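Okay, structure first, notes after.
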Amino acid sequence: MVKLEDSVVARLQIGESTFEVLVDPKAVQLIRDGKEVNLMDHLVIDEIFKDARKGERASEEHLKKNFGTEDVLEIAKIIILKGEVQLTTEQRRQMQEAKRKQIVEIIARNAVNPQTGTPHPPARIESAMKEAKVHIDPFKPADSQIQEVLAALRPIIPIKFDTVRIAVKLSPTDYPRVIGDIKNFGKITQEEWQSNGYWIGIVEMPAGMQTDFFDKLNQKTKGAAETRILKSQQ
């Protein structure tokens with residue numbers, strides 16, 4: 001359970017009836033992002049209210065009539081997903097900031113400057129978002145806000161989502177050391193073992209991850225890994 005002072009009111013209007021639940025705002029964000037949440041841990045009390053601040057509970061008959069169930073957790077989730085959530089100014093600021101960081105991370109991982117083919121640093125993306133006065137919805141999933149954010153950024157910085165194909169050549173000694181990292185960065189689309197024991201593979205990954213990829217390989221192989229960015233397939 002969450003403390004009352006740390007909760008927000010989620011409210012759903014159905015006809016002339018109002019249904020409210022007291023819930024942790026962080027759980028609201030997770031649920032609306034499609035994450036699995038043990039809602040019981042994030043409610044102040046497992047009750048559905050007509051007016052939460054006055055402590056007026058909704059009757060079981062009223063819940064059954066409007067939701068087809070009396071299950072508090074099921075009804076609470078419907079209210080959170082479909083209703084309105086009242087945040088304090090500070091709660092909204094904190095949630096917007098957390099969502100902004102998620103969006104910046106996604107863009108930095110997937111986007112490049114199409115003029116140079118190189119990734120934009122997160123700080124540059126964040127600066128451009130501020131310059132463009134991008135509005136972040138604290139409850140809307142980050143993925144569903146990306147295209148809108150990119151559209152706002154394009155007048156300020158050249159940017160597009162892209163993938164990159166990188167050919168990698170590893171010695172028999174280095175292969176077991178880094179193959180797990182390679183798979184974490186992207187998808188191996190081709191690979192073969194040469195007669196001298198060297199491994200050659202082609203890895204496809206979000207373009208924004210290439211700098212971190214090269215840094216990781218150089219660190220793990222002490223600069224011995226051979227890499228080459230392949231021309232994009234049309």
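Give the stretch 199-234 a look and list any residue that's closer than 20 Å to P114 by Cβ, out of contact with any strand residue (DSSP E or B) (no Cβ under 8 Å at 6 or more places or on another chain) and polar (S, T, N, Q), or say none.
Q234
Can you find a residue that is free of Cβ contacts under 8 Å to residues at least 40 places away in the same chain and assigned to a helix (DSSP H, G or I) anywhere in the stretch 44-62?
Yes, that holds for at least one residue.
Output yes when any residue across the stretch 138-151 is in contact with a Gly (Cβ under 8 Å, 6 or more places away or on another chain) and in the same structural domain as E97 (by TED's automatic domain parsing), and no when none is. Quick ask: steps written out before the conclusion?
Kept after step one, since they are in contact with a Gly (Cβ under 8 Å, 6 or more places away or on another chain), are these residues of the stretch 138-151: 141.
Applying the additional criterion that residues be in the same structural domain as E97 (by TED's automatic domain parsing) yields 141.
Checking the stretch 138-151: at least one residue is in contact with a Gly (Cβ under 8 Å, 6 or more places away or on another chain) and in the same structural domain as E97 (by TED's automatic domain parsing).
Please specify each residue of the stretch 160-182 satisfying the condition of being touching a Gly at 6+ places or on another chain (Cβ under 6 Å) and over 28 Å from Q115 (Cα atoms).
Of the residues in the stretch 160-182, the ones touching a Gly at 6+ places or on another chain (Cβ under 6 Å) are 168, 172.
Scanning the stretch 160-182 gives a single hit, P172.
Of all residues in the stretch 67-90 being surrounded by fewer than 17 Cβ atoms within 10 Å (Cβ to Cβ) and in contact with a strand residue (DSSP E or B) (Cβ under 7 Å, 6 or more places away or on another chain), which is nearest to D6 (Cα to Cα)?
Looking at the filtered set, the residue picked out is Q86.
Kindly indicate the residue of the stretch 156-212 that is among the hydroxyl-bearing types (S, T, Y) and not in a helix (DSSP H, G or I) and also farthest from the chain's Cα centre (by Cα) among those meeting that condition. Quick ask: steps written out before the conclusion?
The first filter runs over the stretch 156-212 and keeps only residues among the hydroxyl-bearing types (S, T, Y), leaving 163, 171, 173, 175, 189, 195, 198, 211.
Those still in the list that are not in a helix (DSSP H, G or I) too: 163, 171, 173, 189, 195, 198.
On the way: T163: 19, S171: 36, T173: 36, T189: 26, S195: 43, Y198: 37 Å.
Once the filter is applied, the top-ranked residue is S195.
Is it the case, given these coordinates, that N110 is under 30 Å from F185 (Cβ atoms) and among the polar types (S, T, N, Q)? Don't jump to the end; show me each part of the working.
Values: under 30 Å from F185 (Cβ atoms): yes; among the polar types (S, T, N, Q): yes.
Against the criterion (under 30 Å from F185 (Cβ atoms) and among the polar types (S, T, N, Q)), N110 qualifies.
Among the residues of the stretch 24-43, how many are in a loop (DSSP other than H, G, I, E, B) and among the small types (G, A, S)?
Of the stretch 24-43, the ones in a loop (DSSP other than H, G, I, E, B) are 24, 33-38.
Remaining after also requiring among the small types (G, A, S): 34.
Count: 1.
Give the residues of the stretch 1-19 that are in contact (Cβ under 8 Å) with a residue 60 or more places away in the chain, surrounded by 16 or more Cβ atoms within 10 Å (Cβ to Cβ) and of a type outside the set (A, V, I, L, M, F, W, C), sorted by residue number.
From the stretch 1-19, those in contact (Cβ under 8 Å) with a residue 60 or more places away in the chain are 8-13, 19; that's our starting set.
After this cut, where a residue has to be surrounded by 16 or more Cβ atoms within 10 Å (Cβ to Cβ) as well, the list is 8-12, 19.
R11, the sole residue that qualifies.
Are any residues in the stretch 1-18 assigned to a strand (DSSP E or B) and of a type in the set (A, V, I, L, M), and if so, which ones? It would help to see each step written out before you state the result.
Taking the stretch 1-18 and keeping what is assigned to a strand (DSSP E or B), we get 8-14, 17-18.
Answer for the stretch 1-18, where residues must be assigned to a strand (DSSP E or B) and of a type in the set (A, V, I, L, M): V8, V9, A10, L12, I14.
Residues of the stretch 195-214 being acidic (D, E) and at pLDDT 95 or above, which ones? Steps first, please.
In the first step, residues of the stretch 195-214 are kept if they are acidic (D, E); the result is 204, 212.
The one that is acidic (D, E) and at pLDDT 95 or above: E204.
If you scan the stretch 213-234, which residues turn out to be part of a helix (DSSP H, G or I) and closer than 18 Å to P172 by Cα? Talk me through it step by step, then tell me what you get.
Restricting attention to the stretch 213-234, the residues satisfying the condition of being part of a helix (DSSP H, G or I) are 213-221.
Those that are part of a helix (DSSP H, G or I) and closer than 18 Å to P172 by Cα: K216, L217, N218, Q219, K220, T221.
A quick yes/no check of all residues on (1) of a type outside the set (S, T, N, Q); (2) modelled with pLDDT of 90 or more; (3) over 22 Å from D137 (Cβ atoms):
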{"residue": "D6", "(1), (2), (3)": "yes, no, no"}
{"residue": "G34", "(1), (2), (3)": "yes, no, no"}
{"residue": "G55", "(1), (2), (3)": "yes, yes, yes"}
{"residue": "S59", "(1), (2), (3)": "no, yes, yes"}
{"residue": "H62", "(1), (2), (3)": "yes, yes, yes"}
{"residue": "F67", "(1), (2), (3)": "yes, yes, yes"}
{"residue": "D71", "(1), (2), (3)": "yes, yes, yes"}
{"residue": "Q91", "(1), (2), (3)": "no, no, no"}
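If a residue has to be surrounded by 14 or more Cβ atoms within 10 Å (Cβ to Cβ) and within 24 Å of N113 (Cβ to Cβ) to count, how many in the stretch 183-198 make the cut?
Counting residues in the stretch 183-198 that are surrounded by 14 or more Cβ atoms within 10 Å (Cβ to Cβ) and within 24 Å of N113 (Cβ to Cβ) gives 2.
For V21, are the conditions met, namely being of a type in the set (A, V, I, L, M, F, W, C), within 21 Å of P138 (Cβ to Cβ), in a loop (DSSP other than H, G, I, E, B) and not assigned by TED's automatic domain parsing to the domain that holds A142? Lay out the reasoning, then the answer.
On the way: of a type in the set (A, V, I, L, M, F, W, C): yes; within 21 Å of P138 (Cβ to Cβ): yes; in a loop (DSSP other than H, G, I, E, B): no; not assigned by TED's automatic domain parsing to the domain that holds A142: yes.
Here the answer is no, as V21 does not meet what is asked.
The values are calculated or read from the model by the stated rules, or taken from the named source; none is laboratory data. Everything numeric here is computed off the predicted structure, so don't read it as measured data. A quick note on method: Cβ atoms are made from the backbone with ideal geometry, for glycine too, and the neighbour counts reach across all protein chains shown.
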